[in-house]
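What follows is a set of notes on a single structure, which appears directly below.
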Amino acid sequence: MKEKTREEPTILAAAERQMQTWARTQEIEDRAVHQKIEPEPRITALSYIAISREAGAGGGHIAKVVGRRLGWDVLDKDILARVARRYDIPVAMLELLDEKVDNWVSGIFGSWIDHTVVSHERYFACLKRVLKASLERENLVIVGRGAQFLLPRENGLAVRIVAPKDYRIEQLIHEGKHSRREARRRINEVDSSRGNFVRRYFHQNIDDPHLYDLVINVENIGISGAARQIIAALGR
């Protein structure tokens, strides 16, 4: 009886350790199923161009010219449609998170958005996976969305498109979308929103030239000239 008594604590301790191990394993599996975690796509030999831009500087137009000349797919706001299809999330909800901060969303829409369902963290995770999966199939020109911070930096060319504010105001007026006053307000709002987005979620200053391989002022060289410089930087 004494020998059995001495063995019981050892047996119980071993059983307890086994139960704890099982519980931790089960917890990890449950969490994976609940969050629908997928293995990250394996990326090899990819090439992408990430274009950051000031409002009104023509970054989207430049991306289209570069994509057309290289034969690369261009992703701007349409990346939201890819994320929505892949993860069954309404595009309208993604638009509320796109290049904006949580406070802006929750302050206006309050409880209408369930952040346990679509938070910025989930948005970034889904966006990153969609971008990586796309890069397995094709080279990309990506406009905004913090792409250079989400993707392997060594595999891409990071470009910043800038221009004096007066030039950018004139571009918006020329497009017929805004009066001069409205154009100035719009540029200030968008620049501020994008800067806050990068600062809060990637802890970077969007205006820091050291973040980019190439910073282009389009005022004198225009859309076509900027596209030529980007393609030349690729060595093509």
Report task. Only residues of the range 132-149 count here: report those whose backbone N is under 18 Å from the spot 7 Å along Cα→Cβ of Arg85, or say none. Result -> 132-143
Query - Volume per residue of the C-alpha convex hull in the range 42-233, rounded to whole Å³ - result: 125 Å³
Report task. With a cut-off of at most 15 other beta carbons within 10 Å, and DSSP calling the residue loop, which GluC sites (Glu not before Pro) in the range 154-221 qualify? Please list them. Result -> Glu175
Report summary line: Rounded to one decimal in nm, the spacing of the 7 Å Cα→Cβ label points at Asn196 and Ser224 is 4.0 nm
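Bear in mind that the values in this text are calculations on the coordinates, not laboratory data. Because the structure is a prediction, the values reported are computed rather than measured. Cβ: placed from backbone, ideal geometry, glycine included. Neighbour counts: every protein chain shown.
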